[in-house]
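These notes concern the structure reproduced below.
The values are calculated or read from the model by the stated rules, or taken from the named source; none is laboratory data. Not measured: the values here are computed from a predicted model. Using ideal geometry, Cβ is built from the backbone for each residue, glycine included, and neighbour counts are taken over all protein chains shown.
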Amino acid sequence: MAKKLSLLGRQVRGFESPDKAFIEIVANPHKDANYTVRFTCPEFTSLCPLTGQPDFAHMVIDYVPGQFIIESKSLKLFMGSFRNHGAFHEECTVNIAKRLIKEAKPKWLRIAGYWYPRGGIPIDVFYQHGKLPAGVWVPEPGVEPYRGRG
């Protein structure tokens with residue numbers, strides 16, 4: 001069941017870490033319809049767990065809501081909580097998906113993490129959960145693979 005929103009409409013500090021962050025959900029206003037929601041986070045940052053150097057990614061999250069939708073301000077704060085969090089690209093990308101699944105229980109979810117090169121190698125991480133309902137249109141993520149400077 002959706003809880004009362006505590007972040008929306010007021011100034012709040014970010015979360016120290018993903019473990020301390022919470023994601024707020026609200027009732028889906030169109031439970032009778034299957035539709036796609038997309039969140040794009042083109043400036044996602046985390047830290048390398050070994051060197052402490054910053055890592056950067058362009059995240060694209062698509063989902064088909066069930067009973068709930070994800071409140072966007074809480075998602076923004078959750079995503080920002082990775083800024084000082086040390087984790088490999090795969091861990092960050094899949095953990096984001098698993099938290100959203102746990103909190104919002106979507107019918108279907110896909111995350112595409114396009115990570116900028118570390119050590120000369122870009123790492124792209126993709127995760128999908130559930131079965132896409134028939135007839136639902138989901139656009140391509142729209143992020144080109146890393147090609148360098150030309």
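Note on the stretch 69-93: among residues that are within 14 Å of the chain's Cα centre (by Cα) and assigned to a loop (DSSP other than H, G, I, E, B), the one that is farthest from Asn28 (Cα to Cα) is Arg83.
When residues in the stretch 76-100 are screened for being under 14 Å from Glu16 (Cα atoms), surrounded by 18 or more Cβ atoms within 10 Å (Cβ to Cβ) and in contact with a strand residue (DSSP E or B) (Cβ under 7 Å, 6 or more places away or on another chain), 3 of them pass.
The residues listed here are Gly113, Gly66, Gly86; of these, the one that is of a type in the set (Gly, Ala, Ser), touching a Lys or Arg at 6+ places or on another chain (Cβ under 6 Å) and modelled with pLDDT of 95 or more is Gly66. Checking each residue in the stretch 30-69 for being touching a helix residue (DSSP H, G or I) at 6+ places or on another chain (Cβ under 9 Å) and closer than 19 Å to Phe126 by Cβ picks out Phe39, Cys41, Phe44, Ser46, Asp55, Ala57, Met59, Ile61, Tyr63.
The residues listed here are Ala57, Ala21; of these, the one that is under 16 Å from Leu75 (Cβ atoms), part of a strand (DSSP E or B) and not hydroxyl-bearing (Ser, Thr, Tyr) is Ala57. Among the criteria (1) over 18 Å from Tyr35 (Cα atoms); (2) touching a strand residue (DSSP E or B) at 6+ places or on another chain (Cβ under 9 Å); (3) part of a loop (DSSP other than H, G, I, E, B), the one Pro139 does not fulfil is (1). Here are some residues: Lys98, Lys3. Which one is at pLDDT below 95 and of a type in the set (D, E, K, R)? None of the others qualify; the one that does is Lys3. Condition (residue is within 17 Å of Gln128 (Cα to Cα) and either among the hydroxyl-bearing types (Ser, Thr, Tyr) or touching a residue at least 12 places away in the same chain (Cβ under 8 Å) (or both)) applied to the stretch 13-31: is it met by at least one residue? Within the stretch 13-31 (the criterion being within 17 Å of Gln128 (Cα to Cα) and either among the hydroxyl-bearing types (Ser, Thr, Tyr) or touching a residue at least 12 places away in the same chain (Cβ under 8 Å) (or both)), the answer is no, since none of the residues qualifies. For the stretch 8-27, taking the residues that are farther than 18 Å from Ile101 by Cα and more than 18 Å from the chain's Cα centre (by Cα), the one that is modelled with the highest pLDDT is identified as Arg13.
What number of residues within the stretch 118-135 are assigned to a loop (DSSP other than H, G, I, E, B) and of a type outside the set (Val, Ile, Thr)?
Of all residues in the stretch 118-135, those assigned to a loop (DSSP other than H, G, I, E, B) come to 119-120, 122-123, 131-135.
Now restrict to residues that are of a type outside the set (Val, Ile, Thr): 119-120, 122, 131-135.
Residues that pass the stated criteria total 8.
Among Gly113, Gly66, which is surrounded by 14 or more Cβ atoms within 10 Å (Cβ to Cβ), assigned to a loop (DSSP other than H, G, I, E, B) and in contact (Cβ under 8 Å) with a residue 24 or more places away in the chain? Exactly one of Gly113, Gly66 is surrounded by 14 or more Cβ atoms within 10 Å (Cβ to Cβ), assigned to a loop (DSSP other than H, G, I, E, B) and in contact (Cβ under 8 Å) with a residue 24 or more places away in the chain, namely Gly66. For the stretch 126-141, state whether one or more residues are modelled with pLDDT of 95 or more, among the small types (Gly, Ala, Ser) and either within 19 Å of Asp19 (Cβ to Cβ) or touching a Gly at 6+ places or on another chain (Cβ under 8 Å) (or both). No, the stretch 126-141 has no match at all.
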